[in-house]
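Okay, structure first, notes after.
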Amino acid sequence: MLVPPFFLKHMFDIILKRKEGTSVLKGIKLRLYPNRTQQNQLEQMFGNDRFVWNQMLAMMNERHQNNKALPFLGKFKLNYLLKSLKKEYPFLKNSDSSSLQVVNEFLTQSWKNFFQDKTGQIGKPRFHSRKYLKKSYTGKSIIKTAGKRYLKIPKLGYVKTSKTGVLQNTKIKRYTVLLEPTGKYYLSLQVEISEPEKYSLTGKQVGIDVGVADLAILSNGLKYPSFDSSYFEKKAKIWQKKYSRRRHLVKLLVLQNKNKRVLCPRSLESFANWQKAQKSKAKYQAKAANQRRDYLHKLTTHLVKQYDVIAIEDLKTKNLQKNHHLAKSIANASWRMFRQMLEYKCEWYGKKLIAVDPKNTSRICSKCGYNSGAKPLEIREWTCSKCQTKHDRDINAAVNILHKGSTKLTSQGLTMVKATPTGQGLTMVTS
């Protein structure tokens, strides 16, 4: 029996991938420097995505109201409707066609989430407004590198960028062009790269307790402080006051123009001082976010290099932020981002991350196991009433987290293999 050629090609691709090694997805963000013409094109493309979303949503809302038993249209049927929509509105042809298809994909997923939700917390998709400060569009077309600092982007042509060396040996899967409130343009890329080289084994395990003043408290007594954003918060607060005051005056002026029946009343975006206050506030907020992210990257990479097994608490950050006294501090510490970075870096570099139940980690004595009950947050040190051991609250919790992680690892039938000088990555064997 003859084997079809496409089957042989498919098998050859699988064998080739096995030889080359598996690949992983990575995010890369580059700064863009479009000229005036390209900026106008981007503004048009942002508007086209918003227009297609609103048109498709209005049509699907009408279908849902007329007959709720009708199934909602999938992304392929919505893509078919794009042909007639482009004929009716020729300006849509100025956009990358794949970006309009991505809009349909996002809209379909929003409707799926609405219909599949049984808690009633997810509502129907909403219309998009041009007043959004963050403008973006996502596409799947091919982006080519043209020199050290230029990229060829569909419909835009050659656009100057910050750097292109990081794109070597990568395959771009999806890209997003966005305009941030600071007035800067960025290109966010989802690329496929070969699997990173594993870190060498150290034979060390650690438990981590996260906190507000100290972001990470380790079971060996080390403490890493949270990122201090007080300077940027102070600057952003000053500009926030100016922004709010000027916005109020601008609204009054626009209202007076409307009452006087002025033919072309000025819009909010046409006031220079209002725009200056808005961008200055956004600039300090962006600086704080960038420096916080850089700090978390350095810290998580250091931890993954140092330890083979990392045990952390399985915290529900969203629920903890309902406490209005701690919500701002928790958001500044970025517990969720800290955990996400540890998760994918452990997976990339051959280490093991274990999330354990945080119940009673601050109450149990790590030496004798006695539960002394709940303690207020202001109590940072306490002495066990049974064995008289003096504990630092956070370090004791980190040690208990490590104990729980080791127990969980053993329950999975796994034990650590001791590090060897030539050992690469984390190896697990059944106990």
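Here is how the numbers come out for the structure above:
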read-out: By average C-beta atoms within 10 angstrom, highest first, the peptides 383-389, 198-204; value: 198-204, 383-389
read-out: Nonlocal amide H pairs with Leu32, under 5 Å, H built at 1.01 Å; value: Tyr185, Tyr186, Leu187
read-out: Using a Förster distance of 30 Å, the FRET efficiency for Thr145-Glu197 (Cβ separation, nearest 0.05); value: 0.80
read-out: Pairwise label distance in nanometres, Asn273 with Phe72, each label 7 Å out on the Cα-Cβ vector; value: 4.5
read-out: Cβ crowding within 10 Å averaged over residues, with 153-163, 55-65 ranked highest first; value: 153-163, 55-65
read-out: Unit Cα scatterers, Debye sum, segment 147-209: log10 I(q)/I(0) for q = 0.12, 0.13, 0.19 Å⁻¹; value: -0.51, -0.56, -0.84
read-out: Modelled label reach - Leu81, point 7 Å along Cα→Cβ, segment 91-124 residues with backbone N closer than 16 Å; value: 100-112
read-out: Selection from Leu32, Ala58, Thr22, by position along the positive dipole direction of segment 20-64 (Cβ); value: Leu32
read-out: Carbon/sulfur fraction of accessible area - segment 331-405, other protein chains in place, 1.4 Å, %; value: 50
read-out: Simple label model, 7 Å out from Cα along Cβ direction - Ser129 to Gln39, nm; value: 2.5
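The values are calculated or read from the model by the stated rules, or taken from the named source; none is laboratory data. Since the structure is predicted, the reported quantities are computational estimates derived from the model, not experimental observations. For neighbour counting, all protein chains shown are included, and Cβ atoms are generated from backbone atoms with ideal geometry for every residue, glycine included. The protein model used for the area step is the full one, side chains on, heavy atoms only, and it has no ligands, DNA or RNA in it. Shrake-Rupley method; radii C 1.70, N 1.55, O 1.52, S 1.80 Å.
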